[in-house]
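I have placed the structure first, in the form of structure tokens, so that the comments after it can refer back to it.
The values are calculated or read from the model by the stated rules, or taken from the named source; none is laboratory data. Remember, predicted model here, so these are calculated numbers, not experimental data. When we count neighbours, we look across all protein chains shown, and the Cβ atoms used for this are built from the backbone with ideal geometry, even at glycine. Note: accessible area is taken over every heavy atom of the protein model, side chains too, but ligands, DNA and RNA are not part of it. Shrake-Rupley method; radii C 1.70, N 1.55, O 1.52, S 1.80 Å.
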Amino acid sequence: MTYKKLTNIKEKKRIYYQNLPAVKFNRSVKNPTVAVVGLGYVGLPLAMLLEEKEYKVIGLDVDEKKLSQLKNKEHIDCLSEKENNQLIQTEIETASDASVLMRADTVIVCVPTPVLADHEPDLAPLKSACLMVGNNVSPGTLVVIESTINPGVCDEVIIPILEQCSGLKVGKDIFLAHCPERINPGDTKWDVSTIPRVVGANDTESLKRATKLYNSLIGTPVAELDSIKEAEAVKIVENSFRDINIAFVNELAISFDRIGIDVVKVINAAATKPFAFMPHFPGCGVGGHCIPVDPYYLISYAARNGFSHRFLSLAREINNNMPIYSVDVLEAMFHSAGKSLIGADVTILGLAYKKNISDMRESPAHMIKEELLIRGVAVRTYDPHVREYSSAKSLDEALRGVDTVMIATDHDEFRSISPEVFKSYGIKNIIDGRNCLVKEKFIELGINYKGIGR
Ligand code: SAJ
């Protein structure tokens, strides 16, 4: 696919900037200017870290609402409390006009790489970001892609866009590296300043510049790869590894449910082995913008290259089925009491895809709610981290008048609800989709409790 250069005004601008001496171009060698494209849960913490390390930072985003929130120092949902407090202290220049990129010595692209409804990779946000970069990048600039991508995207998509739009040669006039983001939302231990990083590029100058940049940002030395494809593969492998391990324990959970074994106790016992075992835990599904998404990037690219990732695909199928399995467990509970699900009142506790955050992307709770509605259930939802999308606005409203609860997210707020509180609301049935409650205590109180695999 050829990407047409924009009007020759851009040409003239670039030639003008190309000939500007660095000092006029505000290209201070001491404090290089770094532009971050995409100010989400990856780009914003990175922009704040760059500013902390005395880079001149320009934040670029197409979301005017987000830009005004940043300008007015409002709370940003995708950031932790600590990051929000830090954000108030920072003075990052933000813009939606891509021409600011002409002033950057380095441009770091941190835009989402989701999948479409058919699980095919959706590179539209990334392509649009690269078109902005290609049409505004000036010679000598280092471009780093942090967005999660499969092997081949830099060589086959990004480089053609950058070169055709800018008229510049990657590896000679401009430089390109891939440094996959490794942000773990909600993690209080590992953050952008401490998470070790991997950098890959196809030429030594690009690799050298990117390694120098990231070594100036984080304490641990960057792991270097001399192929951009290998760097693209690293993140996909990390997250596919997690997905297949979760699928393994989810399959065990379904199997052990039939033979009366508590899979969580077995996994915890297996984890006493200090080597060659890494515990993962079953649940009502795998959500988020990484784990259930990234394997599809490799599955799709490998298929285009004549290989079928049957194992990765099966793991995705098992994990995608867990929300349905959770509703099956509830239906079996009702049937064993001689009741039907039709007309039942059920509250789903938790909408976010994982504990103590507000992100609902690919959350299993959506599919659980859909499946309950299909089976004729009246559904209420409550998530203290996602009130605006909760149908009940308080725990009291969520529990009053229903006799069945499904836990879809193991927020601390839900873990701390005592069995006595549930009992006081007349809750008779609990499906613990995150195995986060103390099973024995609920059974002692005569509440029908079923977890996932226990
Ligand atoms: N989940 C399980 N069982 C598990 C672990 C997770 O069902 O044993 C579910 C969670 O409930 C959630 C989904 O999987 O719905 C994803 O959970 P996650 O803990 O993997 O959280 P993410 O999606 O934020 O993953 C991030 C990833 N970080 C990056 O991609 C940069 C991932 O690589 C990390 O391994 C993960 O955080 C982490 O370790 O927490």
Subject >> Residue within region 287-309 that is in a helix (DSSP H, G or I) and β-branched (Val, Ile, Thr) present >> reply: yes
**OP:** Hey, could you check region 315-330 for residues that are away from the ligand (no atom under 16 Å from the Cβ) and buried (at least 19 other Cβ atoms within 10 Å of the Cβ) and say which is farthest from Glu362 (Cα to Cα)?
**Re:** Leu330
Original post:
Which of the residues belonging to region 160-198 are in contact (Cβ under 8 Å) with a residue 60 or more places away in the chain, away from the ligand (no atom under 16 Å from the Cβ) and part of a loop (DSSP other than H, G, I, E, B)?
Top reply: Gly167
Subject >> Within region 270-313, tally of residues that are within 13 Å of the ligand (Cβ to nearest atom) and under 22 Å from Ala352 (Cα atoms) >> reply: 16
Original post:
Across region 390-448, what is the number of residues that are assigned to a helix (DSSP H, G or I) and among the hydroxyl-bearing types (Ser, Thr, Tyr)?
Top reply: 1
**OP:** Kindly provide the set of residues from region 416-434 that are in contact (Cβ under 8 Å) with a residue 60 or more places away in the chain and charged (D, E, K, R), ordered by number.
**Re:** Arg434
**OP:** Would you check which residues across region 347-369 are out of contact with any helix residue (DSSP H, G or I) (no Cβ under 6 Å at 6 or more places or on another chain), surrounded by 24 or more Cβ atoms within 10 Å (Cβ to Cβ) and not in a loop (DSSP other than H, G, I, E, B) and list them?
**Re:** Ala365
Original post:
Which residue pairs have Cβ atoms under 8 Å apart, sit 6 or more places apart or on different chains, and have a first residue in region 228-244 that is among the basic types (Lys, Arg) and a second that is open to solvent by 40 Å² or more (accessible area, probe 1.4 Å) and within 11 Å of the ligand (Cβ to nearest atom)?
Top reply: Lys235/Arg182
**OP:** Pull up region 249-260, narrow it to residues that are of a type outside the set (Lys, Arg) and without any contact (Cβ under 8 Å) to a residue 60 or more places away in the chain, then point me to the one that is nearest to the ligand (Cβ to nearest atom).
**Re:** Ser255
Original post:
Looking only at region 293-314, which residues are under 17 Å from the mean Cα position of the chain (by Cα) and either open to solvent by 10 Å² or more (accessible area, probe 1.4 Å) or more than 17 Å from Thr113 (Cβ to Cβ) (or both)?
Top reply: Tyr296, Leu298
Original post:
Hey, any hits in region 212-219 for a residue that's without any contact (Cβ under 8 Å) to a residue 12 or more places away in the chain and within 12 Å of the ligand (Cβ to nearest atom)?
Top reply: no
**OP:** Determine whether Gly152 is touching a residue at least 40 places away in the same chain (Cβ under 8 Å) and at positive phi.
**Re:** yes
Original post:
Of Val157, Val237, which residue is open to solvent by 10 Å² or more (accessible area, probe 1.4 Å), in a helix (DSSP H, G or I) and within 16 Å of the ligand (Cβ to nearest atom)?
Top reply: Val237
